[in-house]
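Trainee: Below you'll find the structure I mean.
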Amino acid sequence: MGKGVIIACDFKDKEETFRFLDKFENEKLFLKIGMELFYSEGPDIVREIKRRGHKIFLDLKLHDIPNTVEKAMKSLSNLNVDMTNVHSAGTIEMMKAGLKGLTKENGERPILIAVTQLTSTSQEKMQNQLLIEKPIENVVMKYAENAKEAGLDGVVCSPLEVQTVKKRCGDDFITVTPGIRFEEDDKGDQVRITTPKKAKELGSDYIVVGRPITKAEAPINAYKKCVEDFVG
């Protein structure tokens, strides 16, 4: 599994998104399209970004009854994204249903991964608000193992959890890790975070980087720094 930097396009609309992308001219990027942008612009934003030659991680974290997730994934499969996800809290049966819906008749499908615990979730919040008493590391590993059993390709997790996920689920089990900041950056609302260099050392396959690039004074330089630090 090669290394890759995914830019989180957490923009409010297509105008803001394309102003950002136009700065990169002919460079082909791997972009994360999340709820804010997708709900604002709908599937057309995905089609246009794909038309421009960029890869897309469609980050909608589907979490519903298995039948609904299967049908939703069948619709999303027509967008030909490169990666998408479900939330592993939806059970193994739900993840299997999502995988079934995403897979086309010819067997082709994008990478499908599962969210374990959001990087904004702390041990305290998990116990006091979600009533999950187990240590957060144990919960993440169980969710990862469930995703593996369901046939998914990998998980979203903190870089700090990558090594244990790989140990439990195999080196080929993909880890996509948000919560990436440069040393000098503000942590924002993230709790379990690290730097691109540290994520590389820990074995992440992909890092998802938002504000350190999209809010930088020189986004291209920030992106290149991420690539240099993480990919080499």
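The values are calculated or read from the model by the stated rules, or taken from the named source; none is laboratory data. Just so you know, these numbers come straight off a predicted model, no measurement behind them. Here the Cβ positions follow ideal geometry from the backbone for every residue, glycine too, while neighbour counts run over all protein chains shown. Areas reflect the complete protein model, heavy atoms only, side chains present, ligands, DNA and RNA absent. Shrake-Rupley method; radii C 1.70, N 1.55, O 1.52, S 1.80 Å.
Trainee: What's the extension gain from residue 211 to residue 27 if we count 0.36 nm per residue and subtract their Cα-Cα distance?
Mentor: 64.3 nm
Trainee: Whole number in Å², please: accessible area per residue of the chain, 1.4 Å probe, ligands, DNA and RNA not counted. Please report the intermediate quantities before stating the final value.
Mentor: Working: 11480 Å² over 232 residues.
Result: 49 Å² of accessible area for each residue.
Trainee: Also: Rank 180, 92, 132 by mean-square fluctuation in a GNM of the chain with C-alpha springs under 10 angstrom and give only the top-ranked residue.
Mentor: 132
Trainee: Still on this model: When the chain is fully extended, how far beyond the present Cα-Cα distance does residue 74 get from residue 35, taking 0.36 nm per residue of separation?
Mentor: Computed gain between residue 74 and residue 35 is 12.2 nm.
Trainee: Of 167/224; 148/224; 166/198; 61/125, which pairs sit farther than 25 Å apart, going by alpha carbon to alpha carbon? Numbers along the way, then the final one.
Mentor: Details: 167/224 30 Å; 148/224 33 Å; 166/198 16 Å; 61/125 20 Å.
Checking Cα-Cα distances, 167/224; 148/224 exceed 25 Å.
Trainee: Taking a spot 7 Å from the Cα of residue 220 along the direction of its beta carbon, which residues of region 8-43 have an amide N less than 16 Å from it?
Mentor: Backbone N within reach: 19-29.
Trainee: What percentage of the solvent-accessible surface of the chain, computed with a 1.4 Å probe over protein heavy atoms, is contributed by carbon and sulfur atoms?
Mentor: 47 percent
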